[in-house]
Amino acid sequence: MARILRGSEDDDLRHVLERLERYERDHPGSEASTYRQNSASIRIRIIDDRAAGMSRSSRHKEGWKYLEDLGEDIQQQITVLLLLPRAELRSSFMNLEFDDPVRSAI
């Protein structure tokens with residue numbers, strides 16, 4: 001089940017969470033999570049071994065398929081969309097930032 005990793009929940013995050021839960025239903029074994037980095041930034045991570053061997057642009061397109069029906073106001077807040085196989089979790093700098101974010105100045 002998709003989850004919010006940290007911070008408070010708001011309406012925009014709930015809408016994102018609904019899309020991530022749809023992704024998980026369509027891709028058994030995947031794990032999706034999100035959090036609000038600051039008032040203007042939502043970060044998303046989808047762990048899915050099907051991403052192995054896919055180009056970054058293909059991963060990006062696959063993830064956005066599930067977010068494209070969100071309103072533009074929510075889409076503009078999505079600053080990070082990671083779609084990674086488990087094998088890349090430790091080598092991805094953005095994944096490390098996702099797990100242990102630098103505190104936002106906003």
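The values are calculated or read from the model by the stated rules, or taken from the named source; none is laboratory data. Model, not experiment: these values are computed from the prediction. With ideal geometry, Cβ positions are generated from the backbone for all residues, glycine too; neighbour counts draw on all protein chains shown. When the accessible area is computed, the model is the full protein with side chains, heavy atoms only, and any ligands, DNA or RNA have been set aside. Shrake-Rupley method; radii C 1.70, N 1.55, O 1.52, S 1.80 Å.
Could you please find all residues in segment 23-65 being within 14 Å of the chain's Cα centre (by Cα), in a helix (DSSP H, G or I) and farther than 20 Å from Leu96 by Cα?
Selection gives Tyr23, Glu24, Lys61, Glu62, Trp64.
Taking the condition free of Cβ contacts under 8 Å to residues at least 24 places away in the same chain and not in a loop (DSSP other than H, G, I, E, B), does Arg90 pass?
Answer is no for this residue.
Among the candidates Arg36, Arg59, Arg50, Arg22, single out the residue that is of a type in the set (Lys, Arg) and open to solvent by less than 30 Å² (accessible area, probe 1.4 Å).
Result: Arg59 is the single residue among Arg36, Arg59, Arg50, Arg22 that is of a type in the set (Lys, Arg) and open to solvent by less than 30 Å² (accessible area, probe 1.4 Å).
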